[in-house]
């Protein structure tokens, strides 16, 4: 059996970097981070579009109600944080969302 104690490695020597190296690393991270963010956004929207298509077919059979919009989770929570729950779920916002993103709106409001 293993020991109940954890082995901890303490780093005593941290490499020193010049300001130029740090600035270059930040710039590289920013450039590649934006590219990655764009690629991930496209991936998230494509996933939401496929869910919207599935919901459109399910809504024809469902007695519970209709799905009026699908959006990536990240975008949803950003909107909630910025505008609040009531605004994001308002009829005006859903009307705007249906016009702006018809591919993510299986059933119109």
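Coordinate-derived values only; no laboratory data. Since the structure is predicted, the reported quantities are computational estimates derived from the model, not experimental observations. Using ideal geometry, Cβ is built from the backbone for each residue, glycine included, and neighbour counts are taken over all protein chains shown.
Values computed for the structure shown
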{"item": "Residue match in region 74-91 (condition: under 24 Å from residue 38 (Cβ atoms), within 19 Å of the chain's Cα centre (by Cα) and touching a residue at least 24 places away in the same chain (Cβ under 8 Å))", "result": "yes"}
{"item": "Every residue from region 42-66 that is farther than 13 Å from residue 101 by Cβ and touching a residue at least 24 places away in the same chain (Cβ under 8 Å)", "result": "47, 53, 55, 56, 59, 66"}
